Amino acid sequence: MRSAKSGRRIAEARVDSPEAVAAAGRTLVGQTATIEAADRDIKAFLVVRMYHHPDVKKVRQQADAIVRRLFKAYMTDPSAMPSEWAAKADSQTRARAVADYIAGMTDRFAIAEHARLFDGASDLR
């Protein structure tokens with residue numbers, strides 16, 4: 001459902017196709033001022049109480065350390081990755097193949113790989 005403000009903008013711009021929307025050169029559809037204010041409030045709340053919370057920062061630092069250690073290990077020894085990925089590391093730029101392999105990991109798999117390669121479980125769960 002569009003707002004009355006969006007309806008006015010669309011009518012004023014006289015758009016009748018996707019190309020006309022692109023050519024309008026301005027935003028035609030948006031949130032109401034009330035929704036925009038609520039969105040700003042929620043984001044401000046989340047930044048302070050979630051994204052920058054010390055417990056969240058600690059977990060992010062642990063996750064970052066795991067990814068960095070995995071990257072270094074696979075760069076040093078691509079054979080530690082599955083054979084199809086190790087082959088890509090030989091045929092492509094190694095860093096790109098390693099980064100792509102790690103990017104495709106779930107959190108649980110990355111933690112398990114870290115434990116496998118470094119003989120110990122991470123505190124990250």
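The values are calculated or read from the model by the stated rules, or taken from the named source; none is laboratory data. Keep in mind that this is a model prediction, so the values were computed, not measured. Quick reminder, even Gly has a Cβ in these numbers, built from the backbone with ideal geometry, and neighbours come from all protein chains shown. Calculation scope for accessible area: heavy atoms of the full protein, side chains included, ligands and nucleic acids excluded. Shrake-Rupley method; radii C 1.70, N 1.55, O 1.52, S 1.80 Å.
A few comments on the model shown:
- What you get for the chain, charging only the Cβ of Lys and Arg (+1) and of Asp and Glu (-1), is a dipole of about 460 debye around the Cα centre.
- Here the chain is treated as an ellipsoid with the same Cα gyration tensor; its semi-axes, largest first and in whole Å, are 46, 24, 9.
- All aspartates and glutamates inside 16 Å of K72 as judged from Cα atoms, apart from same-chain residues fewer than 8 positions distant: D64, D90, D100, E113, D119
- For region 1-71, size of Cβ-based charge dipole, Lys and Arg +1, Asp and Glu -1, in debye: 280 debye
- The relative contact order of the chain comes to 17 percent, based on Cα pairs under 8 Å that sit 6 or more residues apart.
- Rolling a 1.4 Å probe over the heavy atoms of the protein chains gives the chain an accessible area of 75 Å² per residue.
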